[in-house]
Amino acid sequence: MERVWNFSAGPAVLPEEVLKIAAEQMLNYENSGMGVMEMSHRSKVYDKIIKDAEADLRKLMNIPNNYKVLFLQGGGHLQFSMVPLNLMKNKVADYIVTGEWAKKAAKEAAKYLKVNKIASSDDKNFTYIPDLSNLKVSPDADYVFICQNNTIYGTRFTELPDTSGKDLVSDMSSNILSEPFDVTKFALIFAGAQKNIGPAGTTIVIIREDLLTDDLPEYCPTMLSYKIHADKDSLYNTPPTYGIYVCGLVFKHLLANGGVEQMYKKNLEKANLLYDFLDNSKLFKGTVAKKDRSLMNVTFVTDSEEINDRFVKEATAAGLVNLKGHRSVGGMRASIYNAMPVEGVKALVKFMGDFERKVLNES
Ligand SMILES: *Cc1c(COP(=O)(O)O)cnc(C)c1O
């Protein structure tokens, strides 16, 4: 079977070149006589793999020296707990609730501290990003939390909130490396690898050094301390060694292909192709406010559930897979992360056009 165009929201498509390198190195990594999966995380060979991965990510995102880069496990979900556990001082935090993930993050944080929801788009099923110009940031907030790209709903922050000087924490699980971000604007960034980077199982945390502290609640598990992981360069315990290796291959691939600037250009091109089609379609329409549209996750519907289902089914048969929307939104969602080639989006747009003509002819 040929490879398909995979529009999965995550785990998601990886660059084919990277998969080929991983395949070539599967049995014998650089003459070590073994594959990366079989290697000690304390070996010299592996040390270079993890150090290179960090150095390359630092280059790609222009991460300043006063930030630590951590390779952890537990996905976005564990960060929903680690963030409050490690950043609490006054035990108050502000959350901007723009979707399922931010909602879950707020709920988890509320186990440990007082959560203020200072803005939300829940009144319109999270189809927009709320007005950020007049935020009432709590004077005693330990941090302000955002989910920058809402994977399920297909919205993104096109500007950052004014946090009145409070530390900004961003869940970048589905938009890290998709466009240039100024890391210095954030206190902490986290992202599960499985959307826009690599295999599931690795979580990347970028944290400003002054936030690392031993002064954690007594009940906080040692494994959930950022400082422990930072002090040990992500080798406190066995890290997700193979996942970090593949992430590293993706970073090298991005650097060799123009870095984040070039990805951003391609991502704009891909997103515009799809959104322009949707805006001119007589059958399909986008589901979110135009100004807040995600570059990574494009959500759309037709007026009929039946036609939605038929579309997903026929697209799948044509080799365009994983287009069904998240169960909380319905309709369709095309995730077009960095690794989705422009050709994949062109194939989707062509299929949608053909499908539209066919359906409209029938009625
Ligand atoms: C997928 C996703 C999560 C959840 O990630 P897990 O790694 O499954 O815990 C959290 N936040 C965002 C923005 C996501 O897209």
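Some points to look at:
- Region 164-184, residues that are more than 10 Å from the ligand (Cβ to nearest atom) and either among the acidic types (Asp, Glu) or surrounded by fewer than 24 Cβ atoms within 10 Å (Cβ to Cβ) (or both): SER164, GLY165, LYS166, ASP167, LEU168, GLU179, PRO180, PHE181, ASP182, VAL183, THR184
- Residue match in region 25-40 (condition: part of a helix (DSSP H, G or I) and among the β-branched types (Val, Ile, Thr)): yes
- Top-ranked residue of region 103-146 - restricted to ones that are in contact (Cβ under 8 Å) with a residue 60 or more places away in the chain and assigned to a loop (DSSP other than H, G, I, E, B), ranked as farthest from ILE207 (Cα to Cα): ASN125
- Of all the listed residues (ALA22, ALA53), the sole one being under 17 Å from ILE207 (Cα atoms), small (Gly, Ala, Ser) and more than 16 Å from the ligand (Cβ to nearest atom) is ALA53.
- Test: residue in region 310-318 that is within 13 Å of ASN6 (Cβ to Cβ) and assigned to a helix (DSSP H, G or I): yes
- Looking only at region 139-158, and only at residues there that are away from the ligand (no atom under 12 Å from the Cβ) and under 23 Å from THR127 (Cβ atoms), the one that is nearest to the chain's Cα centre (by Cα): THR158
- Boolean, PRO161 is farther than 24 Å from ALA9 by Cβ, away from the ligand (no atom under 12 Å from the Cβ) and assigned to a helix (DSSP H, G or I): no
- Apart from one condition, LEU235 fits all of (1) over 18 Å from the mean Cα position of the chain (by Cα); (2) touching a residue at least 40 places away in the same chain (Cβ under 8 Å); (3) in a helix (DSSP H, G or I); the exception is (3).
Bear in mind these aren't lab numbers, they're just calculated from the coordinates by the rules spelled out. Computed from a predicted structure; not experimentally measured. Cβ sites come from the backbone with ideal geometry, for glycine too, and all protein chains shown count toward neighbours.
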